[in-house]
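Asker: Just dropping this structure here.
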Amino acid sequence: MLRFLGYLFALGFLGAIAGVAGLFYIFWEYGKGLPEHRDLANHDPATVTRVHAGDGRLLAEFATEKRVFVPIGSIPQRVVDAFLSAEDKNFYTHPGVDLKSIAGAVVTNVRNYGTGRRLVGASTITQQVAKNFLLTNERSLARKIKEAILALRIEQAFSKDRILELYLNEIYLGSRSYGVAAAALNYFDKTLIELTIAEAAYLAALPKAPNNYHPTRKTAAAIARRNWVIGQMAENGVITAQQAQAAQAAPLTIRPRGSSDVASADFFVEEVRRDLLEEFGEDRVYSGGLSVRTTIDPRLQRIAERSLRNGLIAYDRRHGWRGPAARIADADWQQALMGVDKPAGAGDWRLAVVLAVDPERAQIGFETGEMGTVPFAEMAWARPWLEGQKVGAKPDRPSDVVKPGDVVLVSAATEDVEGNAYPLGTYALEQLPDVEGAIVALDPHTGRVYAMAGGYDMQRSQFNRATQAVRQPGSAFKPFVYLKALENGFSPASIVVDAPIVIDQGQGLAKWKPANYTDVFYGPSPLRLGIEKSRNLMTVRLVQAIGMDEVVDVSREFGIDDDLDPLLSMSLGAGETDLLSLTTAYAMIVNGGKKIRPSLIDRVQNKQGVTVWRHDRRACEGCVLEEAWTGGLPPQLPDRRPQVTDPITAFQMTSMLEGVVEAGTGRRALRVGKPLAGKTGTTNESRDAWFVGFSPDLAVGVFIGFDDPKPLGRRETGASAALPIWVDFMEAALADRPATPFRIPDGVSLVRIDRKSGMRASSASDSVVLEAFRPGTAPEPGEAPQRVSPITGGTSDAAAPPVPGAQAKEPVAKGLGGLY
């Protein structure tokens, strides 16, 4: 018996040695060539770049995988407990492989053998990290052995918290969500700290198979799995039985990302994306987890988009009805209507088919089977479109506009023009405009872009007409010619003759005979009147006096066109620029002549919260405080903006542009009731229409034109096409702002001047303006304003004081005279 026991002991001992040797062999064999687990120390998961508006609301996300990285210390314990209960309750005690769980899984799988139930796994979180980061998803015994080996190695190299941090930020949870933070936002529109027990448990239910527990397609399975996780949390003692009962009774409610936390600015966001790609490259933008704070103001952006859309629709209606979107001849009109694609950019408008027409209305039907009516009042605008943006006769009845079978766009109409309520099911005839345009609003002191709409709708065209459309500005360029004249000794009251002129352009070129828009000549007129009434002939004479080189310089200095041809026609806006550049140039007038550059991005931070780029790079000596700030004046930042023109010249130009609104081509803007200034612009044959202007603290530009340039139509100018959009925007944007006057710099002399003659105002003057002069340059009572005569060389009693930093091209004299 003793001998038998000895044999048995020896056999067991040899078996143990063989088992240990076999185990060592397995570790040696399968451990060869495994990925280096220490690479996880440098693991930098691809995370989403998030773009925020100026008020913090989300604008866009750029990512290949929607992952938001959150340090383990910032992940709430409730979320950690839910995942540990669901995936690895012994995580903080096992060495990477949980032998107890493996034994339990083996027993369970043996018990369930032949029942058709799914096999139970026992992978720890560390093993899942090894698989997700270092191995493939291959289902094999070899892969499981490698996974276990790597898990043991990972546990030796990293802390438990670091392993859990990698897991919770890497795990795929469905709905394009990588990591718990992205999933919380995408499923519940919440941050991690806002999640309830039930919501945290649902997220913890997803790692095994997100599609099997889809919240809407497989709701029952999702709730059952969630409730199992809640039960595990209660069993592990991380929640009470009462909490578990309440959480299991809670409905599974999915909340899409809320509009209150999200803003929209499609053209602006695309411009930001291009800027980011240029600065950081594709990998960092789409995988680097950047946090981008932009300059956009969501309120002003909404106003800009609405104003532009309404203005384009208003223009389009003035030029007629181009007919239905399609025709349906089938008896089954509902089925046929389903086959008609809704035009891009139609938004909330609906496609409908005209079923019948009577003298007062059109009966329409929708693909849903709903019925409605379009009263004649809601289609009376639809005069037939004719070639050249002309229109035919006014319609007298609905049948003049639509016929049965026409497929048209309609919008819900609630009341008529007199405010009387329409019955439910009343609609208005709509038409997508074929004209395009853009609007930009920015801070004139910093260049921060508050709003940008580059077209009617980005769904139908991604071309950004605010930044990519290079067009002739027409008369919107003239203020910079006049500004250069002011720098060269002219004053707003200087006289220039408005009379016919013929320009010899050189050998082989036809003579150029510019004309005013009205084809009327007004004789000797002050500079102010020239800009207010947009006189072409006065502008050409002014350029002859100061020299075309000065115009080329001012175009470059203000960032309008860096390579303007030195031709006289360029002074009337025959060069080319984009809306953002021109609006920025106007901003430099109202800000006192300071150079600014338009900016879309305030700052960019990496995923660790470190600022890696910012627009304002000025050093702030007193911004880092050793103690908490208790009040007082904030630190003063140095003003490093270069001066592109002196403050007095800038104010004189601002005052003259204010006159455009008060008495010139921009009078429509008077309805805003605030101090405003600006200038219309219209090119030859009315191919482009502009209005660019400002309040003391907001610069705004509007452009209207066809993408394939062609005339906008008879009587269409900057004043009729662009200015109404500008006014609508300013009216809403400044509604809650006080009426702030334009700021007057030191050294300005304000003198009452007769607007028509440029002389000191008298009791007989019927149009008086408080004109801005440099000290010593205002005309004395009864004296004619200063003038320059390029023909005679000028006669001088006393030269005017020179403009700082500028040299007058001709002597400035007092007395009668002007530009002839």
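The values are calculated or read from the model by the stated rules, or taken from the named source; none is laboratory data. Predicted model, so just to flag it, every value in this text is computed and none were measured. We place every Cβ from the backbone using ideal geometry, glycine too, and count neighbours over all the protein chains shown. The accessibility values were calculated without ligands, DNA or RNA, using every heavy atom of the protein model including side chains. Shrake-Rupley method; radii C 1.70, N 1.55, O 1.52, S 1.80 Å.
Asker: For Arg687, list long-range residues whose amide hydrogen, built 1.01 Å from N in the peptide plane, is under 5 Å from its own amide hydrogen.
Answerer: When sequence neighbours closer than 5 places are left aside, the close amide H contacts are Leu712.
Asker: Next up: Suppose R0 equals 45 Å. What FRET efficiency, 1/(1 + (r/R0)^6) with r the Cβ-Cβ distance, do Phe521 and Ala412 give to the nearest 0.05?
Answerer: The calculated FRET efficiency here is 0.30.
Asker: Over segment 360-423, with the other protein chains present, what is the accessible area per residue in square angstrom, probe 1.4 angstrom?
Answerer: On the way: 3490 Å² over 64 residues.
Heavy-atom SASA per residue in segment 360-423 reads 55 Å².
Asker: What distance in nm separates the two pseudo spin-label positions at Gln462 and Asp332, each 7 Å out from Cα along the beta-carbon direction?
Answerer: 3.7 nm
Asker: Here is a further query. Can you quote the Å³ per residue value for the convex hull of the Cα atoms in segment 44-90, rounded to an integer?
Answerer: With only Cα atoms used, segment 44-90 gives 129 Å³ per residue.
Asker: Now, a different point. Report, to the nearest whole %, how much of the accessible area of segment 148-303 belongs to carbon and sulfur atoms, 1.4 Å probe, protein only.
Answerer: Percent of accessible area from carbon and sulfur atoms in segment 148-303: 49.
Asker: Calculate, in nm to one decimal, what Arg162 and Asp348 gain on full extension: separation in residues at 0.36 nm each, minus their alpha carbon distance.
Answerer: 62.1 nm
Asker: Could you check the spin-label model distance between Leu277 and Asp565? Points 7 Å from the Cα along Cα→Cβ, value in nm.
Answerer: So the label points at Leu277 and Asp565 sit 3.3 nm apart.
Asker: Roll a 1.4 Å probe over the protein chains and send me the accessible area per residue for segment 478-584 in Å².
Answerer: Result: 35 Å² of accessible area for each residue.
Asker: If I compute solvent accessible area with a 1.4 Å probe over the protein chains, what percent of it on segment 584-698 is carbon and sulfur?
Answerer: Of all accessible area on segment 584-698, carbon and sulfur atoms account for 50 percent.
Asker: How much of the accessible area of segment 448-564, in percent, comes from carbon and sulfur atoms when a 1.4 Å probe is used?
Answerer: Of all accessible area on segment 448-564, carbon and sulfur atoms account for 47 percent.
Asker: Calculate one ³J(HN,Hα) per residue across segment 75-85 by plugging θ = phi - 60° into the Karplus curve 6.51 cos²θ - 1.76 cosθ + 1.60, and present them in order as whole Hz with x for glycine and proline.
Answerer: Working through the residues one at a time gives 8, x, 4, 4, 5, 4, 4, 5, 6, 5, 5 Hz.
Asker: Accessible area of Val644, 1.4 Å probe, to the nearest 10 Å²?
Answerer: 30 Å²
Asker: Sequence-distant or interchain residues sharing an amide H contact under 5 Å with Lys607, placed H: which?
Answerer: Here the answer is none, since no amide H 5 or more places off falls under 5 Å of that of Lys607.
Asker: Can I ask one more? Compute the accessible area per residue over segment 620-744, keeping the other protein chains in place, probe 1.4 Å, unit Å².
Answerer: On a per-residue basis, 46 Å².
Asker: ³J(HN,Hα) across segment 171-182 via Karplus (A = 6.51, B = -1.76, C = 1.60, θ = phi - 60°), whole Hz, x for Gly/Pro?
Answerer: 4, 8, 10, x, 6, 6, 10, 10, x, 5, 5, 5
Asker: Quick one: which of 322-332, 698-708, 480-490, 670-680 comes out on top by average Cβ neighbours within 10 Å, and what's the full order, highest first? Provide the component values of the computation, followed by the final result.
Answerer: On the way: 322-332: 14.2, 698-708: 24.4, 480-490: 27.2, 670-680: 21.5.
Ranking, from highest mean packing down: 480-490, 698-708, 670-680, 322-332.
Asker: Taking θ as phi - 60°, what are the ³J(HN,Hα) couplings along segment 469-484 by the Karplus curve (6.51, -1.76, 1.60), each to the nearest whole Hz, with x for Gly and Pro?
Answerer: 7, 9, 10, 6, x, x, 5, 5, 7, 4, x, 7, 5, 5, 4, 5
Asker: Could you pull out every residue, at least 5 positions away or on a different chain, whose amide H is within less than 5 Å of the one on Glu436? Hs are placed 1.01 Å off N in the peptide plane, and Pro or chain starts have none.
Answerer: Amide H to amide H, under 5 Å and 5 or more residues apart or across chains, Glu436 pairs with Gly705, Phe706, Asp707.
Asker: Let me ask you something else. For the cross-link pairs Lys390/Lys674; Lys484/Lys710; Lys484/Lys756; Lys394/Lys513; Lys390/Lys511, which exceed 29 Å when the distance is taken from alpha carbon to alpha carbon? Walk me through the numbers on the way to the answer.
Answerer: Details: Lys390/Lys674 36 Å; Lys484/Lys710 32 Å; Lys484/Lys756 22 Å; Lys394/Lys513 39 Å; Lys390/Lys511 32 Å.
In this structure, Lys390/Lys674; Lys484/Lys710; Lys394/Lys513; Lys390/Lys511 lie more than 29 Å apart at Cα.
Asker: How large is the charge dipole for segment 204-280, taken about the Cα centre, if only the Cβ atoms of Lys, Arg (+1) and Asp, Glu (-1) carry charge, to the nearest 20 debye?
Answerer: For segment 204-280, the charge dipole is close to 740 debye.
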